[in-house]
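Scroll down for the structure; my scribbles are underneath it.
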Amino acid sequence: MEFFYLCDKVNDPKMSAQIEAPPALTAKEIQYILRHPADAQIEALLRESNARYAYWTDIKYRHKALEEPLTPRLLWGYLKSQRRAASIAISPRYGLRLFVTAQMQGELYELDQLLQADRFVAELIPPAHKRRYLMSALMEEAIRSSQIEGAATTRRVAKEMLRKNITPRDRSQRMILNNYRTMALLQEQRNAEMTEELLLQIHRSMVRGTLVHSADEGRFRTAEDEVYVEHQLTHEVVHTPPPATELADFMQLFLSLCNDREQPTFIHPILRGIIIHFLIGYMHPFVDGNGRTARALFYWYMLRSGYSLLEYLSISQIIYKGKSQYEEAYLKVETDDLDLGYFVQYHLRVLRLSIESFKNYAEQKLKEQECLTPILRVGGLNERQMQILRLYQESESLVLTGREVEQRFGVSQPTAKSDLKGLVERGFLDEIAYNKVKRGYLKSSRFDELLEEGLSG
């Protein structure tokens, strides 16, 4: 059973099953707000509160020293009134609304520039390395998205499985492999129109071989399916999705957003992607696997909308590091009259952090590339072979296969084999036989000697 819409399990005992609900204002408080328009002090407090999209408890404790007649409850009433009056109705049927703050608009502008910036990528990634960076990001997203939902395996083991094409040993590894293959599928389908059939295909690919009942793969839940979200520790139900009978109406909204059909009010493409992510978690259209599917659909929609930098990012890496904040963002939306602002504010921050993480990673790799410059003097080696030598320098016990070189560097099988054979011929590596077909490559006894000779020569 998935937790907080998108997670199979929660392992953080500090994460409460519920958060404090906003207060229902009294008739007297409502009358006060209606009769006293916000003055300069209140307007300043509203701007400050909206800058971080404050929730009720933040208002309650941050502003508990307000001078009468203003109280935290009244300030909350002013804030709610402002958000409600200026919000976009995403789905009148479900009451989903979004108030886009000035800060959100500024962030959307900046993200527009960065996420479509080919120049940004060109400055950080040498053309010859693009494929390798893409493969690395794809693996990272597949691993972290699965770990968010409880996949119990290490990042190192998971990457080794993907690089060496090892058959998954358990459900956790199967989840990661499915996620990886589904993300690759979505890259291919980035220009496709979303349909019910494609959504079911995505779900089937994501959960194949990981559910209790294989019949649940690639099908919508029905009224017979008891689907709800419970806290892993207390088993308290924290979310019951709308009835399965409403899935048809949900699909109309979902497909409309995915396929950029005209809405009564303009919705920025990045916001559409975030709302699509949220909707799958809120509606829970499947018996299981909603979280993995939701994050993958956000990735797909962003690529479809031209945000090519997403191929190099892993939002799940950021979410995984602070999973309780992810869960809390969902809870705040549900607890505060389905106000999507909390999830949007959180998600924009995740995007910013994922860009920063990518930038730091790419800059570190550029520095490592500079360290390879002396190896150029060895002569006769191409850039991949230099990178391979670097890997062996860093690990005494490393054994590579042709398949792993293919995955690491995004090259064909013949190219990978040629690179390794060339290093064997130069004496840097020894070839060992795993079986009649598969070969492994490890450092030769002369590796350090040959490298030193090449560098000194």
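The values are calculated or read from the model by the stated rules, or taken from the named source; none is laboratory data. Since this is a predicted model, take the numbers as computed values, not measurements. Neighbour counts are summed over all protein chains in view; Cβ atoms, including those assigned to glycine, are modelled from backbone coordinates with ideal geometry.
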**Prompt:** Which residue pairs have Cβ atoms closer than 7 Å, lie 6 or more positions apart in sequence or on different chains, and pair a first residue in region 325-348 that is surrounded by fewer than 23 Cβ atoms within 10 Å (Cβ to Cβ) with a second residue that is among the polar types (S, T, N, Q)?
**Reply:** 346/325
**Filter result (among the polar types (S, T, N, Q), at pLDDT below 95 and over 22 Å from the mean Cα position of the chain (by Cα)) within region 77-135** = 91
**Asked** Scanning for something in the same structural domain as residue 297 (by the TED database), in contact with an Asp or Glu (Cβ under 8 Å, 6 or more places away or on another chain), farther than 30 Å from residue 18 by Cβ and hydrophobic (A, V, I, L, M, F, W, C), does region 210-224 turn up at least one residue?
**Response** no
**Item:** The listed residue being of a type outside the set (Phe, Trp, Tyr) and free of Cβ contacts under 8 Å to residues at least 24 places away in the same chain, out of 105, 82
**Value:** 105
**Request:** Out of 156, 144, report the one residue that is charged (D, E, K, R) and closer than 22 Å to residue 288 by Cα.
**Result:** 144
**Item:** region 140-159, residues that are aliphatic (A, V, I, L, M) and either under 16 Å from residue 318 (Cα atoms) or in contact with a Cys (Cβ under 9 Å, 6 or more places away or on another chain) (or both)
**Value:** 142, 143, 148
**residue 179 crowded, with 19+ Cβ neighbours inside 10 Å and either assigned to a loop (DSSP other than H, G, I, E, B) or not aromatic (Phe, Trp, Tyr) (or both)** = yes
**Message:** Among the residues that make up region 33-51, is at least one of them under 31 Å from the mean Cα position of the chain (by Cα), crowded, with 18+ Cβ neighbours inside 10 Å and in contact (Cβ under 8 Å) with a residue 60 or more places away in the chain?
**Reply:** no
**Request:** Kindly indicate the residue of region 407-438 that is in a helix (DSSP H, G or I) and among the charged types (D, E, K, R) and also nearest to residue 164 (Cα to Cα) among those meeting that condition.
**Result:** 408
**Message:** Just checking, does region 60-81 include any residue being of a type in the set (Lys, Arg), more than 28 Å from residue 321 (Cα to Cα) and assigned to a helix (DSSP H, G or I)?
**Reply:** yes
**Complete:** Of (1) free of Cβ contacts under 8 Å to residues at least 24 places away in the same chain; (2) within 30 Å of residue 126 (Cα to Cα); (3) small (Gly, Ala, Ser), residue 357 fails just (1)
**Fill in**
Those residues of region 395-407 which are within 16 Å of residue 136 (Cβ to Cβ) and free of Cβ contacts under 8 Å to residues at least 12 places away in the same chain amount to 406
**Prompt:** What is the residue count in region 408-457 for residues that are without any contact (Cβ under 8 Å) to a residue 60 or more places away in the chain, out of contact with any Phe, Trp or Tyr (no Cβ under 9 Å at 6 or more places or on another chain) and surrounded by fewer than 15 Cβ atoms within 10 Å (Cβ to Cβ)?
**Reply:** 16
**Item:** Test: residue in region 267-286 that is surrounded by 19 or more Cβ atoms within 10 Å (Cβ to Cβ), among the basic types (Lys, Arg), more than 15 Å from residue 96 (Cβ to Cβ) and in contact with a Ser or Thr (Cβ under 9 Å, 6 or more places away or on another chain)
**Value:** no
**Prompt:** Can residue 210 be described as in contact (Cβ under 8 Å) with a residue 12 or more places away in the chain, in a loop (DSSP other than H, G, I, E, B) and touching a Gly at 6+ places or on another chain (Cβ under 9 Å)?
**Reply:** yes
**Complete:** Picked from region 147-165 (must be free of Cβ contacts under 8 Å to residues at least 60 places away in the same chain and not in a helix (DSSP H, G or I)), the residue nearest to residue 133 (Cα to Cα) is 154
